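To start, the structure under review is shown below, and the notes come after it.
Every number here is computed from the coordinates shown, using simple stated rules; none is lab data. No experiment lies behind these values; they were computed from the predicted model shown. Positions of Cβ are generated from backbone atoms using ideal geometry, with glycine treated the same way; all protein chains shown enter the neighbour counts.
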Amino acid sequence: MVSIGGSSDGRSDGHPGTGTHAAPGEARAATEVPVVAEGRPQSWIRSLRWVRADAGVAGELAKRSVGELIAMALGDDDPDGPARWNAVDALHARGDLETFTEARRLCASDSGVERVLGVDILGELGTPHRPFLDKSLSVLRYLAAADDDVRVLHAVLIAFGHLRDQRALPSVIQLSTHPDPTVRYGAAYALSHVLGRPADPAGLAALRRLARDEDEDVADWAALGLILP
């Protein structure tokens, strides 16, 4: 399967990050960000969100059909490109059955690019009300167990983090031991969002283990998850 997609922000080695962006020239966070020796930030603070389209662009995109928005997203060769994420943001805002159905179809595609897009849509579909939370979790948990594309697994874990539902915890714990650091990085991001209150002991143990990971970026994200609410 083709392994393309996801965000490279947040990692110092070009691997996918958490799918969160700061605006150009904008301070990334008030909290100090861990920095590697070369001076590059190893991770974004979790509260940062994608830069939203301005009102004019958002208004125009709201007039587009689901099919047009999906074609727009797939037509952007840059997985972090503004065209892709403006389209995904518009799909999130729709939050309707048609959008969910198309996202679910993408998640069943033979193309890794399309599966990543489907996952990215499901991760914040209909925010903040999330009318398809249960159905989205079902699709994402299936992919977490059955997909072997690192980029898809990473996207699934970031989606779990966005959804903040403790039912995703078993899937996240399972992927936290994945041999690829890109997947473990996604697990480090997701874990603190799905631990529950009080924190699940097995999930907390997985997060503490990732805080000692041999990959510095994975370890840093897990450490942030341990200290930030």
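Whole-Hz ³J(HN,Hα) for each residue in segment 91-101, computed from phi via Karplus 6.51 cos²θ - 1.76 cosθ + 1.60 with θ = phi - 60°, x for glycine and proline: what do you get?
Those phi angles translate into 5, 4, 5, 4, x, 10, 5, 4, 5, 4, 4 Hz.
Counting other Cβ atoms within 10 Å, keep those with at most 14, restrict to DSSP loop, and tell me which chymotrypsin sites (Phe, Trp or Tyr not before Pro) in segment 58-134 are left.
none
Grab the other residues whose beta carbon is less than 13 angstrom from that of PHE132, score K and R as +1, D and E as -1, and report the net.
-2
Simple spin-label model, 7 Å along Cα-to-Cβ: ARG209 to GLN174 in nm?
Between ARG209 and GLN174, the label points sit 1.5 nm apart.
Which value, to two decimals, describes the C-alpha radius of gyration of segment 93-229 once divided by 2.2 N^0.38 Å?
This ratio for segment 93-229 stands at 1.00.
Can you compute log10 of I(q)/I(0) for segment 168-229 with the Debye formula, treating each Cα as one identical point scatterer, at q = 0.13, 0.29 Å⁻¹?
Computed log10 I(q)/I(0) values: -0.25, -1.29.
By count of other Cβ within 10 Å, fewest leading, how are HIS129, HIS154, HIS178, HIS193 ordered?
HIS129, HIS178, HIS193, HIS154
Enter the mean projected area of the convex hull around the alpha-carbon atoms of segment 64-141, in nm², rounded to one decimal.
In nm², the orientation-averaged hull projection of segment 64-141 is 4.6.
Suppose each label sits 7 Å from its Cα in the direction of the beta carbon; what would the ALA58-HIS129 distance come out to in nanometres?
1.7
Could you give each residue of segment 75-80 its phi-based ³J(HN,Hα) in whole Hz, using Karplus coefficients 6.51, -1.76, 1.60 with θ = phi - 60°, and x for Gly or Pro?
Rounded to whole hertz, the list is x, 8, 5, 8, x, 9.
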